[in-house]
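The values are calculated or read from the model by the stated rules, or taken from the named source; none is laboratory data. All figures in this text were calculated on a predicted structure; none of them were measured in a lab. Cβ coordinates were reconstructed from backbone atoms using ideal geometry, including for glycine residues, and neighbour counts include every protein chain displayed.
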Ligand code: NAP
């Protein structure tokens, strides 16, 4: 009987079953993790099913905000960002948690072998992924968390949220159309977090003009997209340190696994499950 599920709409592409079942197997706990397409309309009914039948759930697009409203209780980190990607279910109580922020923090330190203390972070994008992670990075000893986003109001809203939580943080916002200020933010940043959906489709333009990136930049690029995008390829040719989104998915899933089981996540098994695991049923 499957006691854990990943849900979303669409969901067929998810690597979570391969990755999570690899973790459960490595700990001698079988393969209890499945996958189910749940539409936004079905989410409230799914919560009642989960309450009675499941121990844990991962949620992806488009459920993370609605799930924060439906959960019985929220962890402080989920309440701060208003986003839920993990349900922990015990004694008929559904606790909503958000492991995306810590997942990104650990992916950055794993990929670039450096701490975030004193660093300047620049997000390109201000959608759900940026929202779920920026608030966490703001609390990692960083000195600046800024945003370049097509829709300025969304960037400003997110910057205000970060600054409310960490008043001394520097938070600046601009749009890609505003070339001077966007390039100034790029030149100043230690990390660029590519958190737009541009790059998911082969015909997408790069999130920022590639000619804005040069070999002598101190910037390290983390692209939340798993597969190689034109931005990642270009960074490689320019010798700019760059990583794709795989480790973020692994680390957020590892944190969910530990929240459910109390066991430290077997990260190498999860990385192998990400690469070679088969989708769940
Ligand atoms: P979302 O809420 O739909 O936000 C999309 C973002 O992309 C917004 O900032 C949006 O700007 C921007 N955007 C979309 N189309 C654009 C265009 N044509 N031109 C300029 N900007 C555009 O999506 P999300 O959930 O945040 O996901 C964003 C990315 O994060 C996706 O690529 C997803 O694969 C990735 N992700 C990765 C992980 C991981 O574990 N690695 C986890 C979650 C998400 P506006 O605000 O102007 O609309």
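Listing for the model above:
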read-out	value
Scope the range 44-71; condition more than 17 Å from residue 260 (Cβ to Cβ), within 16 Å of the ligand (Cβ to nearest atom) and touching a strand residue (DSSP E or B) at 6+ places or on another chain (Cβ under 8 Å); matching residues	61, 62, 63, 68
Criterion (in contact with a helix residue (DSSP H, G or I) (Cβ under 6 Å, 6 or more places away or on another chain), within 25 Å of residue 60 (Cβ to Cβ) and within 8 Å of the ligand (Cβ to nearest atom)) met by exactly one of 132, 155	132
Residue in the range 263-270 that is in a loop (DSSP other than H, G, I, E, B), exposed (fewer than 15 other Cβ atoms within 10 Å of the Cβ) and not assigned by TED's automatic domain parsing to the domain that holds residue 124 present	yes
Counted residues, the range 188-197 - those being part of a loop (DSSP other than H, G, I, E, B), surrounded by 20 or more Cβ atoms within 10 Å (Cβ to Cβ) and within 12 Å of the ligand (Cβ to nearest atom)	2
Tally of residues being over 19 Å from residue 186 (Cα atoms), part of a loop (DSSP other than H, G, I, E, B) and touching a strand residue (DSSP E or B) at 6+ places or on another chain (Cβ under 8 Å) across the range 230-262	1
Qualifying residue in the range 162-170 (condition: in a helix (DSSP H, G or I) and in contact (Cβ under 8 Å) with a residue 60 or more places away in the chain)	yes
Residues being under 15 Å from the mean Cα position of the chain (by Cα) and either over 25 Å from residue 115 (Cα atoms) or more than 9 Å from the ligand (Cβ to nearest atom) (or both) - total across the range 228-250	1
